[in-house]
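What follows is one structure encoded as structure tokens, with my remarks underneath.
Rule-based calculations on the coordinates, nothing more; no lab input. Here the structure is a predicted model, which means the values were calculated and not measured. Here Cβ is always computed from backbone atoms with ideal geometry, including for glycine, and neighbour counts include all displayed protein chains.
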Amino acid sequence: MEQARIQYLQKLGLWDGGSFLNIGVILADARITFRAPVLFGQPVRVGARVSRLGNKSMDMEYVIEDAEAGDELATGSSVLVAYDYRQEHTISIPESWREVIREFEDLPG
């Protein structure tokens, strides 16, 4: 789920893959529910989406599937908080991020 989250941010142009201090979010909560075993080396596919945008936080949801059979192996969620690593405090989600995420996810404005 962590790699899917990073790829999501990169795909939307919200992080360039440079310094971790420039990513602008911090993980506040993560949950996962396993529906079947995930075996070491098993090829998986992970879907990730933002389901809610708050003032300073956003919720993401995930689905982990067997890449070959398509069976659902696990579901998960996380809360990300907009964060300034250099100043060490939370910030409002930048409006530029909101616009990109709303358009990509078709979330209400």
*Cβ-derived FRET efficiency at R0 22 Å, Leu12 paired with Val44, nearest 0.05*: 0.50
*asked:* Tell me the angle of helix 95-105 to the major Cα principal axis of the chain, expressed in degrees between 0 and 90 and rounded to the nearest ten.
replied: 30
*Any idea what the dipole of the stretch 2-105 comes to, in debye rounded to 20, about its Cα centre with Lys/Arg Cβ at +1 and Asp/Glu Cβ at -1?*
200
*For the chain, count all C-alpha to C-alpha pairs, find those more than 21 Å apart, and express that count as a whole percent of the total.*
39
*Tilt of helix 2-11 relative to the longest C-alpha principal axis of the chain, in degrees (0 to 90, nearest 10)?*
50
